[in-house]
Amino acid sequence: SGGTLYALVGEKEPIAKSNKGKRYRGAGWPWWRIANYRFGFGRTVVAYNLKSREIQWHHRVKEPLDSRALCMSNGRLFIYSHAKFLACLDTQTGKPLWKTSDLAVLKAIGEHDPAQHWMKGFASTTYAKCSADAIYFAGPTRKNIAAVSAKDGKLLWKRDGGNSQLVLRQDGVYALGEGSPRTKVKSSFKLAALTGEVLANFPSRDRCTRATGCVDSIFTRGGRGGSTAMFDVTSAQPKRSVIGPMR
């Protein structure tokens with residue numbers, strides 16, 4: 001951002017063992033539980049100037065920081081140590097702007113779900129996204145959707161349905177819930193960004209798929225043969241259609 005590279009630096013990670021399938025279909029899908037997920041953790045955040053090739057600042061903590069919950073917006077970088085604290089750093093100086101260990105916040109973020117399931121998704125998926133106003137927690141490893149103020153670290157709201165793929169837009173937070181088009185379950189919600197109020201309810205994404213988007217649509221896997229589901233978000237109620245030949 002602005003010519004500066006921000007990084008979370010950690011220790012050497014364990015090497016993962018390869019698990020080979022015995023059948024062709026499904027051989028590449030690692031749907032086994034990871035008892036102790038240890039990938040992508042660190043204790044030092046650094047800001048590196050790409051032009052001068054110098055370290056602008058570094059911030060080190062005692063507790064391990066989870067890279068899956070690392071995000072940045074509007075001059076603020078957010079770091080999270082599981083069940084310990086959530087904090088905000090100034091991207092220009094590295095100085096802490098706030099730090100919270102409020103139980104309401106930590107309980108809303110919740111304990112880790114192992115995930116690694118074809119209805120949920122991968123344990124490696126990021127579970128924090130942020131805007132200028134809030135940090136949102138959701139994903140395969142979460143049991144709640146939670147929103148925390150980016151300004152002071154106070155809990156804004158939480159709701160059930162943590163295994164949601166979030167897309168943040170100016171008109172609201174789109175939470176693509178788990179399910180299958182075959183069941184016609186409406187587990188997806190358009191939520192007011194700062195209150196969590198339900199503005200619309202629409203069909204689920206297809207199982208473990210992640211959500212992406214563009215200026216007027218949100219995409220997930222869906223439809224016959226695993227095609228692409230397209231949610232038109234140009235109106236108050238998202239409308240679902242299918243892009244047939246593409247997954």
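Bear in mind these aren't lab numbers, they're just calculated from the coordinates by the rules spelled out. Keep in mind it's a predicted model, so treat the numbers as computed, not measured. As a convention, Cβ positions derive from the backbone with ideal geometry for all residues, glycine included, and neighbour counts pool all protein chains shown.
General observations
- Highest average packing first - 85-91, 103-109, Cβ atoms within 10 Å: 85-91, 103-109
- Residue (of Ala104, Ala123, Val185) at the positive-pole extreme of the stretch 62-192, dipole from beta-carbon charges: Val185
- Relative packing of peptides 240-246, 125-131, 167-173 - highest average C-beta neighbours within 10 Å first: 125-131, 167-173, 240-246
- Helices in the chain, meaning DSSP H runs of at least 4 residues, each add -39500 (n - 2.57). Divided by all residues, the mean residue ellipticity at 222 nm is -500 deg cm²/dmol.
- Contact order relative to length of the chain, as percent, for alpha carbon pairs under 8 angstrom and 6 or more apart: 10 percent
- Lys pairs under 24 Å by Cα in the stretch 1-140, provided they are eight or more residues apart or on distinct chains: 21
- Debye-sum result for the chain in log10 I(q)/I(0), which assumes one identical scatterer on each alpha carbon, at q = 0.09, 0.14 Å⁻¹: -0.43, -1.00
- Checking Cβ-Cβ separations below 4.7 Å across the chain identifies Cys88, Cys208, Cys214 as cysteines lacking any candidate disulfide partner.
- Residue separation of Arg33 and Lys186 scaled by 0.36 nm, minus their Cα-Cα distance, works out to 52.3 nm of gained length.
- For a straight C-alpha distance cut-off of 12 angstrom, the aspartates and glutamates reachable from Lys184 (same-chain residues fewer than eight places away being disregarded) are Asp206.
- Volume of the Cα convex hull of the stretch 105-247, divided per residue and given in Å³: 98 Å³
- Computed over the stretch 153-221, the alpha-carbon pair-distance distribution with 5 angstrom bins reads 4, 17, 29, 25, 16, 7, 2, 0, each value a whole percent.
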